[in-house]
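Below is one structure, written out as structure tokens, with a few remarks after it.
The values are calculated or read from the model by the stated rules, or taken from the named source; none is laboratory data. Values in this document were obtained by computation on a predicted structure and should not be read as measured data. Quick reminder, even Gly has a Cβ in these numbers, built from the backbone with ideal geometry, and neighbours come from all protein chains shown. For accessibility, only protein heavy atoms count, side chains too; no ligands or nucleic acids. Shrake-Rupley method; radii C 1.70, N 1.55, O 1.52, S 1.80 Å.
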Amino acid sequence: MNTVQTDPRDAFFDVSALKAGMESRAGRASILVLAMAGLKLVLHLGSTIVLARLIPPEEFGIASLAMPIAVIAMNLSQFGLAQPIVQMPTVTHRLVSTLFWVNLLLGALFGGALVAGSGAAARFYGVPEVGPVFAVLGLSVVMTAILTQYIAILRRKMHIRLLEYGALAAFALSVAAAVVAAFLGASYWAVILQQVLQGVLTVAIFAFHTPWLPSRPRLRDLREARSALSFGGNVALSNLLEQASHALPVILIGRLYSPLEAGLYQRSSTLARLLPTRAVSPLASVFVSSLSRVQDDPAAFRSLFLRMMTRLNMIMMPIGVLAFTCADIVVPVVLGQDWAASAPILAWLCLMLLQNTLDQGVNWALIASGASRSLTAISALSLVIVCVAMYAIGNGGDIVLIAMVLMLSNTFVRQPVLAWLGITHTHLDLETVIRGYLLDLGLAVVAIVLVTAVRGSIVGGGDFVELAASIAIVVLLFAARVMANAELRADVLKLVFITAARR
């Protein structure tokens, strides 16, 4: 009689026991992620304030010219291969090992491409200093590739505490090193040091604390990994198109305008995406895993999505309202007067924070449902919007106009298509999207109108009075929203109690 031989190491990836009580587990994990994200946000803002004063805009612009391409290379090296490990109901040791070696090969290829293309990049921009920056960033690409499967394993098993503490430690150490380097006169190299060191430290921490090592690569295992590679390939293409849509304005501004204007735009874009990157994106480790575990239960899927969206709205929308209406006050305080020209750019880009909750929520729902082709479609649309906007504005246009056109195009073109894809290819329905997003978006619009009116009516009060009044309006409006919802009230009280207990 034939028997199927199973690898005992496969038991390490069994997550069937996690399905029970998933919504409660996701809630507790999300509170931890938000708490850690708050610490990272404070660190990032602190380092931004310090580095903006130690590195002039024209010097920071040199790093800005290289970073978008490096980020694209990092995403390509990941090839979306973390997502299949998180999403698939059954995963084997051999599959994870195969994907690890695929990631490492891609990391070597794309990292090497940055090194090989460093001279061409310097000639393209007409800035010789850019070449060495490209070459050094090749190491970050390799580190990102190695890290991919370790993050996937921890997310699949919902080891959120280890993910968060490890990432925070690596980030804090790399920020400290960058600040010291900038203080010693390293200029834009301080920014590059932070990027590289953070990757090295994160790999060391996660690999040390994850009891898993890959087996040696076998060519025949690629056939068994075809489904994961196909899924990951669609996610990778989606990430590539999305990153290209962020990078293309910086690249073209650097080419058609100057490193100074590229630095202004890139710094504004980085600040505008700071909250999604530092506070919201880490929640993917919770909600993609959670939605994946209930992908066969439509009611539970919609309930978890609704809970996720309403909580994200309470984070993103108040910040988006304040950043849009008060950017002229925030920029001189955070970045210094040398960066004052970036305030109107930041204002328009921060208005996209009001869209980000729907972006993140539907993207996570599509990944958890295995609808990776829909991700590619919406990312392709994003890139088309950027290309059309840049072509329409052309050489010699206003970079503030670029930010405004991109925001409006995303609002009236991309967002409706994204909602339609979510409703069509997941368990979501129109009622869930309206309850989870549009109601809070309407509240944010009311807040913008009120803050703008109040700021315009204050005469001789100064920036501090205007900012305080703006914060008070936004806090009161969204506090009323929380008080009107019993579940939101309960979550806020739980967060307060947990924070007090930790202290």
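Structure above, values below:
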item: Selection status of ALA340, in contact with a helix residue (DSSP H, G or I) (Cβ under 6 Å, 6 or more places away or on another chain), farther than 28 Å from GLN415 by Cα and either in a helix (DSSP H, G or I) or at pLDDT below 85 (or both); result: yes
item: Condition check for ALA299: more than 24 Å from SER230 (Cβ to Cβ), part of a helix (DSSP H, G or I), at pLDDT 85 or above and out of contact with any helix residue (DSSP H, G or I) (no Cβ under 9 Å at 6 or more places or on another chain); result: yes
item: Residues satisfying the stated conditions in region 116-132, i.e. out of contact with any Phe, Trp or Tyr (no Cβ under 7 Å at 6 or more places or on another chain) and either under 28 Å from ALA82 (Cβ atoms) or among the hydroxyl-bearing types (Ser, Thr, Tyr) (or both); result: ALA116, TYR125
item: Filtered residue count, region 331-365, keeping only those that are surrounded by 19 or more Cβ atoms within 10 Å (Cβ to Cβ), of a type in the set (Val, Ile, Thr) and over 19 Å from ILE402 (Cβ atoms); result: 2
item: In region 196-211, the residues that are assigned to a helix (DSSP H, G or I), β-branched (Val, Ile, Thr) and touching a residue at least 40 places away in the same chain (Cβ under 8 Å); result: VAL196, VAL200, THR202, VAL203
item: All positions within region 101-137 that are surrounded by 23 or more Cβ atoms within 10 Å (Cβ to Cβ) and among the small types (Gly, Ala, Ser); result: GLY107, GLY111
item: Odd one out for LEU312, checked against (1) among the aliphatic types (A, V, I, L, M); (2) out of contact with any helix residue (DSSP H, G or I) (no Cβ under 8 Å at 6 or more places or on another chain); (3) at pLDDT 80 or above; result: (2)
item: Residue list for region 460-476, restricted to those being open to solvent by less than 60 Å² (accessible area, probe 1.4 Å) and touching a residue at least 60 places away in the same chain (Cβ under 8 Å); result: GLU466, LEU467, SER470, VAL474
item: Condition check for THR499: at pLDDT below 85 and of a type in the set (S, T, N, Q); result: yes
item: Of all residues making up region 61-73, the number that are open to solvent by 20 Å² or more (accessible area, probe 1.4 Å) and over 14 Å from GLY254 (Cβ atoms); result: 2
item: Qualifying positions in region 450-459 - in a helix (DSSP H, G or I) and loosely packed, with under 13 Cβ neighbours inside 10 Å; result: ALA453, GLY456, SER457
item: Unmet requirement for THR277, which otherwise passes all of (1) closer than 30 Å to ALA122 by Cα; (2) modelled with pLDDT of 70 or more; (3) among the polar types (S, T, N, Q); result: (2)
item: Pick from region 365-378, criterion within 17 Å of the chain's Cα centre (by Cα) and modelled with pLDDT of 85 or more, ranking: nearest to ALA228 (Cα to Cα); result: LEU366
